[in-house]
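S.K.: Sharing a structure, written as structure tokens. Questions coming.
The values are calculated or read from the model by the stated rules, or taken from the named source; none is laboratory data. The shown structure was predicted, so the numbers you read here are calculated from the model rather than taken from an experiment. SASA here: full protein model, heavy atoms, side chains in, ligands and nucleic acids out. Shrake-Rupley method; radii C 1.70, N 1.55, O 1.52, S 1.80 Å.
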Amino acid sequence: MKISYATGLIVVGVLYGTLALAAQSGTMIKPEILYASPAGNSARLGSVSRGAPVTVIKRQGGWLQVASGHSRGWVRLLSVRTGAAYRSNGAADIVGMAQMATGKRQPGQIVATAGVRGLNEEDLKEAHYSADGIAQLERYTISGSTARSFAAQGGLRATSVAYLPNPAQGGR
């Protein structure tokens, strides 16, 4: 039986499309808490251990919704290696670095430079004032003396930086 070139392309396209729709498998590269939603302050549903196989269901920002055994929840994107199974001997990491350096990284493989930058357009559209959120941020404030002490322990020192000229006043 002879199959035409066009028929072959259609069959390959359908197969490829079917595979693309399938859930992606991955492996936990560190122990992680399973959260109810993609936020670190959401309810904790359980945990998943390092090396555990997971099925990636959905991605949202820096989070992945995964299923592992009978558990399902959200974990941080950088805690999951998708594609090939996790190897603890370091060989996979060396290959990954070589692929990054040559630009030949395989699609779907997540690396530490995932490029998650925080807010996306959808987040901004849904944003609203939150007094609880402001209060939570204020819990992270420290005094000037505490900051100076921390900097001194790290060997940091103050440096003055000149302000850029104001473009409204003719500066460039």
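S.K.: For Ile57, Ile29, what's the largest-to-smallest order of accessible area, 1.4 Å probe?
M.R.: Output order, biggest surface exposure first: Ile57, Ile29.
S.K.: If amide hydrogens are placed 1.01 Å from N in the peptide plane, which non-local residues have theirs closer than 5 Å to the one on Val80?
M.R.: Distant-sequence amide H within range of Val80: Ile29.
S.K.: Moving to a separate point now. Give the accessible area for Asp123 in Å² (nearest 10); use a 1.4 Å probe, count only protein heavy atoms, and leave out ligands, DNA and RNA.
M.R.: The accessible area comes out at roughly 60 Å².
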